[in-house]
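Please read the structure below before turning to the comments.
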Amino acid sequence: MYQLAPNIELLFTEAGEYHDRVRAAAAAGFTAVEMWGPTGVDAPAQPKDLPALKAALQETGTQLTAQLSEPRTQFMIPPWDHSEFFRKLDEGVAIAQDLGCPRIVVGSGTGFGGWKRQVQLDKLVEIYQKAIAQIDGSGITLVLEPVNVRVDHPGSLLDRTSEAVYIARGVDSPFFGVLYDIYHSAVEGEDMRAELENAGDLVKYVQLADAPGRGEPGTGDLDWSERFAILRASGYDGPIGLEYYPTTETVASVARIVELAASA
C-alpha cells in the first residue's frame, strides 16, 4: 500500500491553521503530509508557525514527506545572481531537518530566450551539483520537478520528465532525483509508462492530481487503476503527495484515492 501525503496547502483547510490541518489529516487516517514553502516567503499572506507545525507532527506521529525550496528562483533570467537561492537552501535544509522532512522540492524557473535550451539544461546541472555539494552530509534529498507549461506554469524551462532525468543523471548524486507529478505529465501528453521506464530509480517522489482540472482523482479523465498499476510496475514504492484542488470537502475528496492506493 502506498503512503499518501495530503498537501496541507490545499487539503484539510477546513481545520484552520497548518498545524491543525496536520491533526485533521492524522484524524482522517493519514500518516504523512506534504507542504509548500516552509516559511511562506513566496506566500506572505500565509506564514507558517514552524514550532506549532513541528509539535503537531510529533504529537500525531505524522511524517512530513516534502517541502519546497524558498524562494522561487529565476536561474536563467539575467543577472544570474543565485546567491539568495544558495543562502536560503541552508535555511531550508535546517528547517527540513528540524521537521523530520527528507526531501526539498526544487525547480527550474522560467526559460531564457537568449540561450539555447541545451545550454540552460546544462546550467541547471551545474547549479544543482553546487547545491548538492553545499548540503553534503545533511541527509536531505533534492527532488527536481518538471511542470506543465500548457495550463499551470507557462514559460517554465523544465516541462519534460525526460529533461529532469537528464539533469538528475548529470548531477549524479544519490541525494538528487526527480519528482514525477502524474498530473503535470498527463497535461503535457507524456506516456507515463515510458517516462518512468526511462527515469528508473531517479524518481525520488511522486505527486498526483486528476487531469484535466487538477482536482481529486475521479474529477478528470485519468484511469487511476491503470496509473497505479504503471507506478507499481515501475518499482516506485515511496510516498505519494496529494497535490490537488478539491472540489468538495477534504475527507470526501480523498475517499477514492485512499481506496485505490490500498489495493495498488
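The values are calculated or read from the model by the stated rules, or taken from the named source; none is laboratory data. All values derive from a computational prediction rather than experimental measurement. Glycine gets a Cβ as well: all are built from the backbone with ideal geometry, and neighbour counts include every protein chain shown. Surface accessibility is based on the protein's heavy atoms, side chains included, excluding ligands, DNA and RNA. Shrake-Rupley method; radii C 1.70, N 1.55, O 1.52, S 1.80 Å.
Taking trypsin sites (Lys or Arg not before Pro) across the stretch 169-254, none is in a DSSP loop with at most 16 further Cβ atoms lying within 10 angstrom of its Cβ. Taking a ≥ b ≥ c as the square roots of the Cα gyration tensor eigenvalues, with a/c under 1.5 meaning rounded and otherwise prolate when a/b beats b/c, else oblate, which class fits the chain? Since a/c reaches 1.5 but b/c is at least a/b, the shape of the chain is classed as oblate.
Candidate cross-link partners of K116 among the lysines, defined by an alpha-carbon separation under 27 Å and a same-chain spacing of 8 or more, comprise K130.
Placing a label point 7 Å from the Cα of R169 along the Cα-to-Cβ line, the residues of the stretch 97-122 whose backbone N sits under 18 Å from it are 117-122. Rounded to the nearest percent, how much of the accessible area of the stretch 167-242 (1.4 Å probe, protein heavy atoms only) is carbon and sulfur? Carbon plus sulfur share of accessible area: 44 percent.
Straight-line reach only, C-alpha to C-alpha below 18 angstrom: list the aspartates and glutamates that K204 could link to, leaving out same-chain residues fewer than 8 apart. Reachable aspartates and glutamates: E34, D136, E145, D159, E163, D172, D181, E195, D237, E243. Using θ = phi - 60° and the Karplus form 6.51 cos²θ - 1.76 cosθ + 1.60, what ³J(HN,Hα) does each residue of the stretch 140-153 get, whole Hz, x for Gly and Pro? Residue by residue, the stretch 140-153 yields 8, 9, 8, 10, 8, 10, x, 10, 6, 9, 7, 10, 9, 9 Hz. Sparsely packed loop sites in the stretch 18-100 (the chymotrypsin sites (Phe, Trp or Tyr not before Pro) outside DSSP H, G, I, E and B with at most 11 other Cβ atoms within 10 Å) comprise W80.
What are the trypsin sites (Lys or Arg not before Pro) within the stretch 30-132 that DSSP puts in a loop, where the Cβ has at most 13 other Cβ atoms within 10 Å?
Working: sites: K48, K54, R72, R87, K88, R103, K116, R117, K123, K130; in loops: K48, R72, K116.
Sites meeting the loop and neighbour criteria: K116.
Rolling a 1.4 angstrom probe over the protein heavy atoms, how many square angstrom per residue are accessible across the stretch 211-264? Intermediate results must be reported in sequence, preceding the final value.
Values: 2450 Å² over 54 residues.
Computed with neighbouring chains in place, this is 45 Å² per residue.
Local charge sum around A168 (other residues, Cβ-Cβ under 14 Å, Lys/Arg +1, Asp/Glu -1)? Spell out each step's value before the answer.
Values: positive: R103, R160, R169, K204; negative: D122, E126, E145, E163, D172, E195, D201.
Local net charge: -3.
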